[in-house]
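A.B. asks: Let me give you the structure first, and then I'll get to my questions.
The values are calculated or read from the model by the stated rules, or taken from the named source; none is laboratory data. Computed from a predicted model, the values in this text were never measured in an experiment. In this analysis, Cβ positions are derived from the backbone assuming ideal geometry, glycine residues included, and neighbour counts consider all displayed protein chains.
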Amino acid sequence: VFGHVVRAPEDAILGVTVAYNKDPSPVKLNLGVGAYRTEEGKPLVLTVLQFALICSSRVKEYLPIVGLADFNKLSAKLIFGADSPAIRENRVTTVQCLSGTGSLRVGAEFLAKHYHQRTIYIPQPTWGNHVKIFTLAGLSVKTYSYYDPATRGLNFQGLLEDLGSAPSGAIVLLHACAHNPTGVDPTLQQWEQIRQLMRSKGLLPFFDSAYQGFASGSLDADAQSVRMFVADGGECLAAQSYAKNMGLYGERVGALSIVCKTADVAGRVESQLKLVIRPMYSNPPIHGASIVATILKDRNMFNEWTIELKAMADRIISMRQQLFDALCARGTPGDWSHIVKQIGMFTFTGLNSQQVTFMTKEYHIYLTSDGRISMAGLSSKTVPHLADAIHAAVTR
Ligand code: PMP
């Protein structure tokens, strides 16, 4: 009965690792993977996680549909700020979801069912999964200008024009920080202009926060964009992931928060979120959420976490500088300053798909065909190999 099923293509991002694994070359380099690696190229389990594991709950009962209460409260505080008026006024409902992806999907399902405008604008380009998540939830996906290939920076004018002509009430997906795949973020002044425009048109912000603390090394700095929108008293949604900033990738820990106008609305929204979640996966897993809650609750563990988080962010920033210096030393044609200007895990190199194919074939370097490289996959040892490959690709 399944004989007619056609083979689906590999996921564009995860497929890079599949190809990398098949390559027997000893110099191969995987810069496609969206996970932190140490200077030795190894996955990192944060020391604070090992402490938290000892202290966190051994209970293996079902969680409520909305997840662990402590985890939800602390997650909202982490993104909106401890002194957030929206939290104080009980206008926020937070539900534990399956990492960032699951939080986006639950938010999308809720909007498709209960929000009057079914159109969502996502940046062009964006993380590949956004289109699928929102389309499958029943929303109609449109794009807004974001990246300017000429400057390898933000196309701010284009962004304002596109959001300015979006229909009133449309949903707008915003990367809270460290835009994936470009590494290009608006400045705080630009965020303020975006906020004013969106509020004046009644556009609904849906923040995707997959890299809080991981981008700049500061949890507060990386949440500024979200907090600006919450400070004006308006509504918004925020999807949080603990994959990157706590290194809990496979535990699938995340949260969806919906900021409402009143506590009464927030209560009703939460009751409907339960109806979205219950038939999807009934209730979320307990293990990762108890680890996160343990860390967020304890001042010493929290401080230890911020130190380790900053160390990860700093290593990535140092990789940017080393790669930039290596290209300058080789006299590689072109302006490569975007490598140090962009932020977060990824650099959008500006290399085209032919150059990427060349680098994979000749140098065994694996990256997505849009020229995105994961800086976390680099080390001082591998920077020269990558710089040689980029130099050869652009001078060939
Ligand atoms: N949003 C963005 C922009 C991302 O880059 C990612 C991870 N690559 C996610 C959401 C979700 O990741 P996860 O489901 O692993 O938390």
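A.B. asks: Pairs, please: C-beta under 7 Å, at least 6 apart or cross-chain, first residue acidic (Asp, Glu) and in the range 17-39, second surrounded by 13 or more Cβ atoms within 10 Å (Cβ to Cβ)?
C.D. replies: Qualifying pairs under 7 Å: ASP23/HIS364; GLU39/ARG315; GLU39/SER379.
A.B. asks: Let me ask something else. Test ARG268 against the criterion of being in contact with a helix residue (DSSP H, G or I) (Cβ under 7 Å, 6 or more places away or on another chain), part of a helix (DSSP H, G or I) and more than 15 Å from the ligand (Cβ to nearest atom), and give yes or no.
C.D. replies: On the way: in contact with a helix residue (DSSP H, G or I) (Cβ under 7 Å, 6 or more places away or on another chain): no; part of a helix (DSSP H, G or I): yes; more than 15 Å from the ligand (Cβ to nearest atom): yes.
Judged against the criteria, ARG268 is not a match.
A.B. asks: Under the condition of being out of contact with any strand residue (DSSP E or B) (no Cβ under 6 Å at 6 or more places or on another chain) and within 16 Å of the ligand (Cβ to nearest atom), which residue from the range 169-179 is farthest from ALA221 (Cα to Cα)?
C.D. replies: Going residue by residue through the range 169-179, those that are out of contact with any strand residue (DSSP E or B) (no Cβ under 6 Å at 6 or more places or on another chain) are 169, 177-179.
If we keep only those that are within 16 Å of the ligand (Cβ to nearest atom) too, we end up with 177-179.
Details: CYS177: 9, ALA178: 11, HIS179: 14 Å.
Applying the filter and picking the extreme gives HIS179.
A.B. asks: Do you know which residues across the range 380-396 are surrounded by fewer than 17 Cβ atoms within 10 Å (Cβ to Cβ) and outside any helix (DSSP H, G or I)?
C.D. replies: SER380, LYS381, ARG396
A.B. asks: Search the range 262-277 for residues that are outside the structural domain of ARG88 (by TED's automatic domain parsing) and pair each with any residue that is at pLDDT 95 or above and loosely packed, with under 15 Cβ neighbours inside 10 Å when their beta-carbon atoms are under 9 Å apart and the residues are at least 6 apart or on different chains.
C.D. replies: Going by the 9 Å Cβ cut-off, there are no qualifying pairs.
A.B. asks: Only one of ALA313, ALA376 is touching a Gly at 6+ places or on another chain (Cβ under 7 Å) and either closer than 20 Å to GLY183 by Cα or buried (at least 20 other Cβ atoms within 10 Å of the Cβ) (or both); which?
C.D. replies: Numbers: ALA376 fails: touching a Gly at 6+ places or on another chain (Cβ under 7 Å).
Criteria check complete, one pass: ALA313.
A.B. asks: How about the range 184-217: which of its residues are assigned to a loop (DSSP other than H, G, I, E, B) and more than 11 Å from the ligand (Cβ to nearest atom)?
C.D. replies: VAL184, ASP185, PRO186, THR187, GLY202, LEU203, GLN212, GLY213, ALA215, SER216, GLY217
A.B. asks: Anything in the range 30-58 that is assigned to a loop (DSSP other than H, G, I, E, B), out of contact with any Gly (no Cβ under 7 Å at 6 or more places or on another chain) and on the phi < 0 side of the Ramachandran plot? List them, or say none.
C.D. replies: If the condition is that a residue be assigned to a loop (DSSP other than H, G, I, E, B), out of contact with any Gly (no Cβ under 7 Å at 6 or more places or on another chain) and on the phi < 0 side of the Ramachandran plot, then GLY32, GLY34, ALA35, THR38, GLU39, GLU40, LYS42, PRO43, SER56, SER57, ARG58 are the ones that fit.
A.B. asks: Considering only the range 205-233, state which residues are touching a Phe, Trp or Tyr at 6+ places or on another chain (Cβ under 7 Å) and either buried (at least 19 other Cβ atoms within 10 Å of the Cβ) or not assigned by TED's automatic domain parsing to the domain that holds GLY100 (or both).
C.D. replies: PRO205, ASP222, SER225, VAL226, VAL230
A.B. asks: Considering the range 107-130 alone, what residues qualify as being within 12 Å of the ligand (Cβ to nearest atom) and in a helix (DSSP H, G or I)?
C.D. replies: GLY107, ASN129, HIS130
A.B. asks: Working only within the range 52-102, note down all residues that are among the hydroxyl-bearing types (Ser, Thr, Tyr) and either within 16 Å of the ligand (Cβ to nearest atom) or closer than 20 Å to TYR281 by Cα (or both). Spell out how you get there, then give the answer.
C.D. replies: As a first pass, look at the range 52-102 and keep what is among the hydroxyl-bearing types (Ser, Thr, Tyr): 56-57, 62, 75, 84, 93-94, 99, 101.
Those that are among the hydroxyl-bearing types (Ser, Thr, Tyr) and either within 16 Å of the ligand (Cβ to nearest atom) or closer than 20 Å to TYR281 by Cα (or both): TYR62, SER75, THR93, THR94, SER99, THR101.
A.B. asks: With the requirement that a residue be in a loop (DSSP other than H, G, I, E, B) and of a type in the set (Asp, Glu), what does the range 59-84 give you? Steps first, answer last, please.
C.D. replies: Of the residues in the range 59-84, the ones in a loop (DSSP other than H, G, I, E, B) are 59-68, 81-84.
If the condition is that a residue be in a loop (DSSP other than H, G, I, E, B) and of a type in the set (Asp, Glu), then GLU61, ASP83 are the ones that fit.
A.B. asks: Then there is this: Quick one: in the range 244-265, which of the residues that are within 30 Å of ASP314 (Cα to Cα) and surrounded by 24 or more Cβ atoms within 10 Å (Cβ to Cβ) is nearest to the ligand (Cβ to nearest atom)?
C.D. replies: Of everything passing the filter in the range 244-265, GLY254 is nearest to the ligand (Cβ to nearest atom).
A.B. asks: State which residue pairs qualify: first residue of a type in the set (Ser, Thr, Tyr) and outside any loop (DSSP other than H, G, I, E, B) and inside the range 234-257, second residue near the ligand (Cβ under 7 Å from one of its atoms) and modelled with pLDDT of 95 or more in any location, beta carbons under 6 Å apart, and separation of 6 or more residues or different chains.
C.D. replies: Filtered contacts from the range 234-257: SER241/SER99; SER241/GLY100; SER241/ALA210; SER241/GLY254; TYR249/ALA243.
A.B. asks: Tally up the residues in the range 2-43 that are away from the ligand (no atom under 16 Å from the Cβ) and either closer than 21 Å to SER241 by Cβ or crowded, with 17+ Cβ neighbours inside 10 Å (or both), please.
C.D. replies: 4
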